[in-house]
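The numbers here are math on the coordinates, done by the rules we state, and not lab data. No experiment lies behind these values; they were computed from the predicted model shown. Please note: Cβ atoms are built from the backbone with ideal geometry, for glycine as well, and neighbour counts cover all protein chains shown.
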Amino acid sequence: MLHGVNPSFHLTQGGWQEHKQSLTAVRCQVFVVKQQVPVVLKLDEHDPHCHHVLATDAQGRPVGAGRIKADGYIGRMAVLKDCRRQGVAAAMLAALLEYAVLQGHTRVFLHVQISAVPFYVRFGFVESGGLFIDAGVLHRYMVKSLY
């Protein structure tokens with residue numbers, strides 16, 4: 001369950017192989033279909049080595065995805081449009097932050113689309129550096145200290 005945020009959503013964590021199809025479905029819907037980012041930029045060689053989080057709705061439909069790399073980089077955060085503003089992204093991020101702490105990270109970082117900066121600020125992330133374009137979308141580097 002998503003940390004009590006919304007009982008109609010469930011959170012699962014694990015490796016790429018066990019959730020590959022569901023994680024890919026969410027990413028493709030959000031990044032490839034809606035934002036027209038080439039699929040090769042949203043599925044990469046890092047996936048098998050990351051810790052992943054998957055959100056599903058009450059019917060088991062994949063609705064959210066995210067990952068954290070071994071170096072503390074959080075990425076590929078995506079929630080289907082019809083499931084946004086229901087606590088899904090917050091629960092996924094909280095789970096990834098908890099995992100980072102358990103892994104001994106002292107900080108985590110991410111490259112966030114400008115429209116999502118306020119969301120990450122609420123979790124204590126701080127903007128760092130200038131703006132940059134990634135996959136045709138304006139981004140900002142953000143970092144969060146865990147201790």
key: Filter result (exposed (fewer than 14 other Cβ atoms within 10 Å of the Cβ) and of a type in the set (Val, Ile, Thr)) within segment 91-120   = Val101, Thr106, Ile114
Residue list for segment 51-61, filter: surrounded by fewer than 21 Cβ atoms within 10 Å (Cβ to Cβ) and either part of a helix (DSSP H, G or I) or within 12 Å of the chain's Cα centre (by Cα) (or both) = His51
Top-ranked residue of segment 62-121 - restricted to ones that are among the β-branched types (Val, Ile, Thr) and outside any helix (DSSP H, G or I), ranked as farthest from the chain's Cα centre (by Cα) = Thr106
